[in-house]
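Trainee: Handing you a structure now.
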Amino acid sequence: MFQTIKYSFFFFALLFSYGVQAQTIHIDGIIYEDSTSRPIAYAKVYFMGTQNGAISKEDGSFELKIASRDLKYDTIIVSLLGYQTQKIGFNRATVDHLKIHLSSSLFQVLDEVTVVAGENPAWRYMRKLIAHKEENNPDNLSYYSSKEYAKIRFDLNNFTDKIKTNLLMRPFDYIWENTQETEDGVKFLPVLLTEKSIQHYYRKKPKNQKDIILGEKRTGLAGPKLMNFTEDLYITPNVYDNYIEILGKPFPSPLNENYKRNYKFYLLDSTYQDGKKIYNIRFIPKHERELAFSGEMFFDSSSYAITKIQMRFDIKANVNFVRSYIINQFYEEVKPGKWMISEAQVIGDFTVVENATDMTGFFGRKRAFYSNYTLEESIKDEIFEGIELIRYAEDAKSKDSLFWNNQRSEELSDAEHKLLKLTNRVEKDPAFILRKNIFYTIGTGYIPLKGVQIGDIYTFYSYNDIEHSRLKFGLRTDPRNVFPLHASTYIAYGTYDKKWKYSVASYFNFTNKLKTRIGGSYKYDIEQLGRSFNQIALDHIVGSLSQIGVSNSKNYVTRFEAYFEKEIVRGFIARMTYFNTKYEPTTIHQFVDVIENQVPIIRPKYQTAGLRMTVKFSYLFEEITGTFYDKNDLYRPKRKFPDIALSYEYADKKTFASDFDYQKIKLSIRQRVNAKKWGYFTYNFEGGKTFGTVPYPILDIPFGNQLIFADQYAFNLMNFMEFASDEYLAVHLSHHFEGLLLDRIPLINKFKFRSYVFGKSFFGKLSSENNQSLHLFPSGLRKTQQPYHEVGFGIENIFKFASIEFVWRLTPGIGEYYTFMIKPSFKFSF
């Protein structure tokens, strides 16, 4: 009996001890903004000394749980970019429901002026701020110049020990030796540091500005995407503009002339600074989820110039990968009544998955100092030569430590010095090199070796109706090499047509400030008429699986080209090309001509040869090529002027031994236009005319799309090679509302979907001499008898990278065609 009692006691003691060990601490609550009592969403709440935490929901609520054995302190920490961090104690023995108020982290919160019935007292001062905008805007000075030192650092933050055991990170234990920790117990690891020394020049008439990069230094482990974030942080917005562009999105400035439309304003108490009376106005978005800031601005009571301002937006603003973003600007009176920016701070809290409970992300921090101002002093004209806004000094990227020691307005921290040593070690680590190459291969399709690359691996095997199974192997020099000579080649074999295909291409870049290039290529392969340059490659494995229906538009093409390309000024380029092209029919169709007495004869080939002159203009865009069609041209940011491309082609029988005499001219004009709070509008006009009697491969065939994926440059419900013309105009229009519409729909707005509408038209004519009077068309191809139209709408930003397009075809066709289809497409954006 005694033994039974003893063992029972021991058993219950074990249970009790287990229960104590596994006791769970549970805390919940709501977070509010101190001055407005509005719930704060997406604040980080975590137990001090741990990485165990949560993100507050849209109603400000949060919930935390932790085993008591894992708890170091009876304290939780609440933080959000732009607000003062709070430490709050709790009692382990009780379940706490907390009401937490956060206040602004930069400016002192002052008592609001009592608002009585009538006009908002802030409006009286807003009217004066707007009335003095022109005289306070530095862009209205005749001249000014300044020196800037800017430092940007990206930190991996709020990470847990799980990331250290991740398959990708496991071999690099030593990188965590540079881990830092804030007073609040938040771990962070610096991963990227960039510094710039910049000389700024500005002239009002004729308006021009020039930034001379005197020095630039990058240290760290960041990939291309993080580098893009870095460049976005270098922007210092002008608050006197009506709209401020951040990460490609137009935010209305609190000094927008239509200030009542976008913001609510609150007049706070005045203060004194250096004997000057300074007023303070707080502003918040008039409507939730709009692209707008919340913050405060201080201004001088005599000149009504801004003396300092804080602007902030968070995850509700429908900007991808951003939890919170804050801009602080400080101004000093350089001359009586002339306040110029003296310091700028930008802090961005970036994350891949915004609503995840995992708080791991990146902090991007910029701090810039401005000095050596000159105002209204004439600047030499040669400073402004060239249309580029940014110019690098020849030795900008090779400055020594002495230069940087003289330029820095603040010393580098110990963590930033350690980052340099860490970078050198990691970049030489074979495990890092292997992982870097794997990601490069996944992203580009090419396997990097020493000096050369193998690929495109996505085209090593494909299937089509001519070759059936197609095998391919290719090589190219590493495009990242600075060596001026580049080359590429491939061979392919079709198992059904029993034909070898091949290509070799090369170009040489001359080492000039403005691009000068000579190049050439020789290729024999299958090409598809009417297929857009923007679509997946014909021999891409995905293309093999995504085609809808059949098409007679494929031919064997032998193409030789030699060209000379010259960039005249930045963003303006010209290319002269000699071409010799031979078209041969595949087994699914024939080339048929009609001779006298209407007797048809079969032609084994059509061959053209001649010269092509192409000129292109893209304002300030450096990565421009001399080809009329270039996929990169379609993804430019919103621009001040349209992109223009003009091509003229000449072929004749005598000079170039062409089978045909003809001339061809094409003109393309496209632009992405900022529509402010309404999103952005895109237009693309392309027109052309062919002079002479030619067979259908040389006529103007509009881009169709028989793939399941949408193509912004093609007509998505038109078949490949459906229409032919020798005079045409293609019109593509679209308007992207961003989150303007869908952000106003409850529940839907949580997903950050964005909407757009579009319409596309093709107007064409075919002269009688080209309408099968001499050269017959294959089945499925016909002259353009009436305009072709398609319209639709789309939902984009699905999972941050996908879009779904709903397309209707309004023009009847012949044979098999679709009048409605839903097509996806993919791209990343902010």
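The values are calculated or read from the model by the stated rules, or taken from the named source; none is laboratory data. Predicted model only: the values in this text are computed from it and were never measured. Glycine also receives a Cβ, built like all others from the backbone with ideal geometry; neighbour counts cover every protein chain displayed. Please note that ligands, DNA and RNA were not included when accessible areas were found on the heavy atoms of the full protein model with its side chains. Shrake-Rupley method; radii C 1.70, N 1.55, O 1.52, S 1.80 Å.
Trainee: Just to check your reading of the model, which residue among Arg476, Arg425, Arg480 is over 30 Å from Lys187 (Cα atoms) and out of contact with any strand residue (DSSP E or B) (no Cβ under 8 Å at 6 or more places or on another chain)?
Mentor: Arg480
Trainee: Scan segment 457-480 for residues that are at pLDDT below 95, open to solvent by less than 40 Å² (accessible area, probe 1.4 Å) and under 30 Å from the mean Cα position of the chain (by Cα) and jot them down.
Mentor: Asp478, the sole residue that qualifies.
Trainee: Go through segment 165-208 and report how many residues are outside any loop (DSSP other than H, G, I, E, B) and either among the hydroxyl-bearing types (Ser, Thr, Tyr) or surrounded by 14 or more Cβ atoms within 10 Å (Cβ to Cβ) (or both).
Mentor: 24
Trainee: Name the single residue that is nearest to Tyr662 (Cα to Cα) among those in segment 587-610 being among the aliphatic types (A, V, I, L, M) and open to solvent by less than 70 Å² (accessible area, probe 1.4 Å).
Mentor: My answer is Ala609.
Trainee: Which residues, counting only those in segment 309-341, are charged (D, E, K, R) and within 28 Å of the chain's Cα centre (by Cα)? If you could, list the steps in order and put the result at the bottom.
Mentor: In the first step, residues of segment 309-341 are kept if they are charged (D, E, K, R); the result is 312, 314, 316, 323, 332-333, 335, 338.
Within segment 309-341, Arg312, Asp314, Lys316, Arg323 meet the criteria.
Residue by residue, here is whether (1) modelled with pLDDT of 90 or more; (2) more than 18 Å from Ser35 (Cα to Cα); (3) among the acidic types (Asp, Glu) holds:
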{"position": "Tyr279", "(1), (2), (3)": "yes, no, no"}
{"position": "Arg289", "(1), (2), (3)": "no, yes, no"}
{"position": "Phe293", "(1), (2), (3)": "yes, no, no"}
{"position": "Phe298", "(1), (2), (3)": "yes, no, no"}
{"position": "Ser302", "(1), (2), (3)": "yes, yes, no"}
{"position": "Met311", "(1), (2), (3)": "yes, no, no"}
{"position": "Ile327", "(1), (2), (3)": "yes, yes, no"}
{"position": "Gly337", "(1), (2), (3)": "no, yes, no"}
{"position": "Glu343", "(1), (2), (3)": "yes, yes, yes"}
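Trainee: If I filter segment 681-689 for residues that are open to solvent by 10 Å² or more (accessible area, probe 1.4 Å), not acidic (Asp, Glu) and not in a strand (DSSP E or B), do I get at least one hit?
Mentor: Within segment 681-689, not a single residue is open to solvent by 10 Å² or more (accessible area, probe 1.4 Å), not acidic (Asp, Glu) and not in a strand (DSSP E or B).
Trainee: Of all residues in segment 30-63, which are of a type in the set (A, V, I, L, M) and open to solvent by less than 20 Å² (accessible area, probe 1.4 Å)?
Mentor: Those that are of a type in the set (A, V, I, L, M) and open to solvent by less than 20 Å² (accessible area, probe 1.4 Å): Ile31, Ile40, Ala41, Ala43, Val45, Ala54.
Trainee: Something else now. Taking Ser37 and the conditions (1) hydroxyl-bearing (Ser, Thr, Tyr); (2) modelled with pLDDT under 75; (3) assigned to a loop (DSSP other than H, G, I, E, B), which numbered condition does it fall short on, given that it satisfies the others?
Mentor: All conditions pass for Ser37, except number (2).
Trainee: Looking at Tyr490, Tyr496, can you tell me which residue is over 30 Å from Pro190 (Cβ atoms), assigned to a loop (DSSP other than H, G, I, E, B), open to solvent by 20 Å² or more (accessible area, probe 1.4 Å) and touching a strand residue (DSSP E or B) at 6+ places or on another chain (Cβ under 6 Å)?
Mentor: Tyr496
Trainee: Going by the conditions given, is Ile526 under 25 Å from Thr441 (Cα atoms), of a type in the set (Val, Ile, Thr) and surrounded by 16 or more Cβ atoms within 10 Å (Cβ to Cβ)?
Mentor: Answer is no for this residue.
Trainee: Does Glu382 satisfy being open to solvent by 80 Å² or more (accessible area, probe 1.4 Å), assigned to a loop (DSSP other than H, G, I, E, B) and either farther than 30 Å from Asn555 by Cβ or in contact (Cβ under 8 Å) with a residue 40 or more places away in the chain (or both)?
Mentor: Judged against the criteria, Glu382 is not a match.
Trainee: From the residues in segment 631-648 that are assigned to a strand (DSSP E or B) and open to solvent by 30 Å² or more (accessible area, probe 1.4 Å), which one is farthest from Val731 (Cα to Cα)?
Mentor: Ranking the qualifying residues of segment 631-648, first place goes to Tyr648.
Trainee: Within segment 72-85, how many residues are without any contact (Cβ under 8 Å) to a residue 60 or more places away in the chain and crowded, with 18+ Cβ neighbours inside 10 Å?
Mentor: Going through segment 72-85 one residue at a time, the tally reaches 3.
Trainee: I would also like to ask the following. Show the residue pairs that are 6+ apart or on different chains and have beta-carbon atoms under 6 Å apart, the first residue being within segment 397-408 and in contact (Cβ under 8 Å) with a residue 40 or more places away in the chain and within 19 Å of Lys147 (Cβ to Cβ), the second being β-branched (Val, Ile, Thr) and open to solvent by less than 60 Å² (accessible area, probe 1.4 Å).
Mentor: Cβ pairs passing all conditions: none.
Trainee: Follow-up question, since we're still on this one. For segment 782-830, name all the residues that are assigned to a loop (DSSP other than H, G, I, E, B), in contact (Cβ under 8 Å) with a residue 24 or more places away in the chain, more than 26 Å from the chain's Cα centre (by Cα) and surrounded by 13 or more Cβ atoms within 10 Å (Cβ to Cβ). Before you say what the answer is, go through the steps one by one.
Mentor: Residues of segment 782-830 assigned to a loop (DSSP other than H, G, I, E, B): 784-787, 799-801, 810-819, 827-830.
This time we only want the ones that are in contact (Cβ under 8 Å) with a residue 24 or more places away in the chain, so: 784, 786-787, 800-801, 811, 813-819, 827-830.
Narrowing the set further to residues that are more than 26 Å from the chain's Cα centre (by Cα) leaves 784, 786-787, 811, 813-819.
Answer for segment 782-830, where residues must be assigned to a loop (DSSP other than H, G, I, E, B), in contact (Cβ under 8 Å) with a residue 24 or more places away in the chain, more than 26 Å from the chain's Cα centre (by Cα) and surrounded by 13 or more Cβ atoms within 10 Å (Cβ to Cβ): Thr784, Pro787, Thr811, Gly813, Tyr817, Tyr818, Thr819.
Trainee: Quick one: in segment 499-522, which of the residues that are outside any strand (DSSP E or B) and at pLDDT below 95 is most open to solvent (accessible area, probe 1.4 Å)?
Mentor: Once the filter is applied, the top-ranked residue is Lys513.
Trainee: Additional query: Taking Gly549, is it among the small types (Gly, Ala, Ser), within 32 Å of the chain's Cα centre (by Cα), open to solvent by less than 60 Å² (accessible area, probe 1.4 Å) and over 26 Å from Ile442 (Cβ atoms)?
Mentor: no
Trainee: A further question on this structure: Looking at segment 649-672, which of the residues that are among the aromatic types (Phe, Trp, Tyr) and part of a strand (DSSP E or B) is surrounded by the fewest Cβ atoms within 10 Å (Cβ to Cβ)?
Mentor: Among those that are among the aromatic types (Phe, Trp, Tyr) and part of a strand (DSSP E or B), it is Tyr650.
Trainee: Looking at Asn158, Asn178, which one is in contact with a Gly (Cβ under 8 Å, 6 or more places away or on another chain) and farther than 30 Å from Ser371 by Cα?
Mentor: After applying the criteria, what remains is Asn158.
Trainee: Quick one: in segment 547-591, of everything that is touching a Pro at 6+ places or on another chain (Cβ under 9 Å) and assigned to a loop (DSSP other than H, G, I, E, B), which residue is nearest to Gly704 (Cα to Cα)?
Mentor: So, considering only residues that are touching a Pro at 6+ places or on another chain (Cβ under 9 Å) and assigned to a loop (DSSP other than H, G, I, E, B), the one nearest to Gly704 (Cα to Cα) is Ser553.
Trainee: Identify all residues within segment 692-728 that are under 25 Å from the mean Cα position of the chain (by Cα) and charged (D, E, K, R); write none if there are none.
Mentor: Asp711
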